[in-house]
1. Among the lysines, which fall within straight-line cross-link reach of Lys157, defined as a Cα-Cα distance under 23 Å, with same-chain neighbours fewer than 8 residues apart omitted?
2. For Val146 and Arg33, calculate 0.36 nm times their separation in residues minus their Cα-Cα distance, and state this gained length in nm to one decimal.
Amino acid sequence: MDPDDLPDTDLVFKGIDGAEAESFIMSIQRIARKEGRSRDSEWIVDLVSSCLTGEALRWYVELDEDTQSDWKRLRKAILRRYPSHTEPPITPLDRTVPTPAAAANPPNTISPIRPTQGSNSTYRIRVYFTSMPSEFFLSTTDDKHVCLTKNVGRALKVCWTPKTELQLLESV
């Protein structure tokens, strides 16, 4: 699609909350109707992608290509990611699954970690999101706030010995 085919608009979606998402979708649909493109999914998704910034853009680039290229799917994905105030908010930590650092794929259910008796085992806490294909690790910022990182070298290292509590080994 030629970028010159898109209307000049100051419309921006930052991914702040559900109210912004609903307003953005309604604005996109109004623009598409005004331009005579309300049934042109390819044109609409090009318009949407040109209006994204910040958290919304980062989320969008992680979506699968089928969702990025289909307005009905993309609209549903936006509303799912940014729910309205009447729905309980979905925070990334609601969807975390702790797994050992050496695991190749996330398990379907959470399984307990069982090292051999008397052994100390070191782990990184890996976080998976059902809506994103990427994996993240639990980390901290310079001012010691919890955050996520894709850099395994910045991941927190924790140690667990049977019959003891999980202990932080290293904070990067």
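Read the figures in this text as sums done on the coordinates, not as results from a lab. All values derive from a computational prediction rather than experimental measurement.
1. Lys144
2. On the way: separation 113, 0.36 × 113 = 40.68 nm, distance 4.36 nm.
Extending this stretch completely gives an extra 36.3 nm.
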